[in-house]
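> Below: one structure in C-alpha cells.
The values are calculated or read from the model by the stated rules, or taken from the named source; none is laboratory data. Everything numeric in this text was worked out from a predicted model, so none of it was measured. Here the Cβ is made from the backbone with ideal geometry for all residues, glycine too, and neighbour counts use every protein chain on show. Note: accessible area is taken over every heavy atom of the protein model, side chains too, but ligands, DNA and RNA are not part of it. Shrake-Rupley method; radii C 1.70, N 1.55, O 1.52, S 1.80 Å.
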Amino acid sequence: MTNAVDFASLLCSRLCHDLLSPVGALNNGIELMADETDPEMRARCMELLAESARASANKLKFFRLAFGAAGGFADQVDTREARAAIDGLFGSDGKILLGWMVAEPALSKTAIKILLNLALIAGDALVRGGRLDVGAEGSEIVIRAEGPRLVLDSELRDALLGWTNEEALTPRAAAAWLVHRLAKDAGGSIQVSEPGDGVLVFGATVPKQ
C-alpha cells in the first residue's frame, strides 16, 4: 500500500478542494456585505451566506464519516448518520433524489466508509442530476446512479478496482482507492458496471466483522 502519510495527504487535498468553493463563497459574501447598503441586496447576500455555510457544514459532516474516525472507538456506526450525511451532501438542492434501502440499524465502520465513498463517487458522476439509490443487506452494498448524463472517469474506475499504479495516485482518485483498500483489507471486493443507458452500479462485498 502507498505510504500512509502520503495517502492521508491525498485525502486532505481532496477534502480541501471540495471545501474551497463554499468557503470561498462565504468570504466573497462577507466582502459584499461590508460594501452593500441596499436592504434587498443585503438580504440576498445573507441568503447566499446561509447557503454557503450550510454547504460547508454538510460537506464537513460527510467527510468526517467518510474519511475520518467518526464514532470514536465503537465498532458499529448508526446507518441514520450515513443517510443524513448523503442527503446533506446531495439532496439539499433537489438535483439528486436519494433512495435509501438500508434496513440494518448499524453497520461496521468499514462498511459505512465504503458505502459513503461509493455514494460520493456515484453522486459526482450524476453531472446533470438524477437518482441515487443506496442499499445494504448482510455483507452486500449496492449503489445505483441513474440520470441523463453519467460520467465516471477511467482514473476513478481503475482506483476502485485496484488497477491504479500507487505512485500515480491523485487526490481526485483518493476516495476510490480508499474504497478498494478497505474492501481488500476486509477480505471483500468491489464491482463496477459499465455506465450504459444512463445507469451506473457499484457493488461491494464486505464480510461482517
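> How many residues are surrounded by 12 or more Cβ atoms within 10 Å (Cβ to Cβ) and assigned to a loop (DSSP other than H, G, I, E, B) when one looks only at the range 19-38?
Residues flagged as surrounded by 12 or more Cβ atoms within 10 Å (Cβ to Cβ) and assigned to a loop (DSSP other than H, G, I, E, B) within the range 19-38 amount to 1.
> Then there's this: Tell me, please, whether a residue that is open to solvent by 100 Å² or more (accessible area, probe 1.4 Å), out of contact with any Pro (no Cβ under 9 Å at 6 or more places or on another chain) and within 24 Å of Ser92 (Cα to Cα) can be found in the range 5-18.
For the range 5-18, residues open to solvent by 100 Å² or more (accessible area, probe 1.4 Å), out of contact with any Pro (no Cβ under 9 Å at 6 or more places or on another chain) and within 24 Å of Ser92 (Cα to Cα): absent.
> Restricting attention to the range 154-166, does a residue exist that is closer than 12 Å to Ala125 by Cβ and open to solvent by less than 40 Å² (accessible area, probe 1.4 Å)?
In the first step, residues of the range 154-166 are kept if they are closer than 12 Å to Ala125 by Cβ; the result is 156-157, 160.
Checking the rest, the ones that are also open to solvent by less than 40 Å² (accessible area, probe 1.4 Å) come to 156, 160.
There is at least one residue in the range 154-166 that is closer than 12 Å to Ala125 by Cβ and open to solvent by less than 40 Å² (accessible area, probe 1.4 Å).
> Given (1) surrounded by fewer than 20 Cβ atoms within 10 Å (Cβ to Cβ); (2) assigned to a loop (DSSP other than H, G, I, E, B); (3) at pLDDT below 95, where does Gly187 come up short, assuming only one miss?
Unmet for Gly187, out of (1) surrounded by fewer than 20 Cβ atoms within 10 Å (Cβ to Cβ); (2) assigned to a loop (DSSP other than H, G, I, E, B); (3) at pLDDT below 95: (3).
> Kindly list, by first and then second residue, each pair from a residue in the range 1-28 that is within 25 Å of Ala183 (Cα to Cα) and at pLDDT 85 or above to a residue that is of a type in the set (Ser, Thr, Tyr) and not in a helix (DSSP H, G or I), limited to pairs with Cβ atoms under 8 Å and residues at least 6 apart or on different chains.
Qualifying pairs under 8 Å: Leu10/Thr170.
> What strands (runs of 3 or more DSSP E) lie completely within the range 57-152 and have 3 or more residues being open to solvent by 10 Å² or more (accessible area, probe 1.4 Å) and farther than 25 Å from Leu10 by Cα?
Details: elements: 76-78, 96-102, 106-108, 130-137, 140-146.
Hits in the range 57-152: 96-102, 130-137, 140-146.
> What number of residues within the range 71-106 are among the small types (Gly, Ala, Ser), over 15 Å from the mean Cα position of the chain (by Cα) and over 21 Å from Gly147 (Cα atoms)?
Number satisfying all stated conditions: 5.
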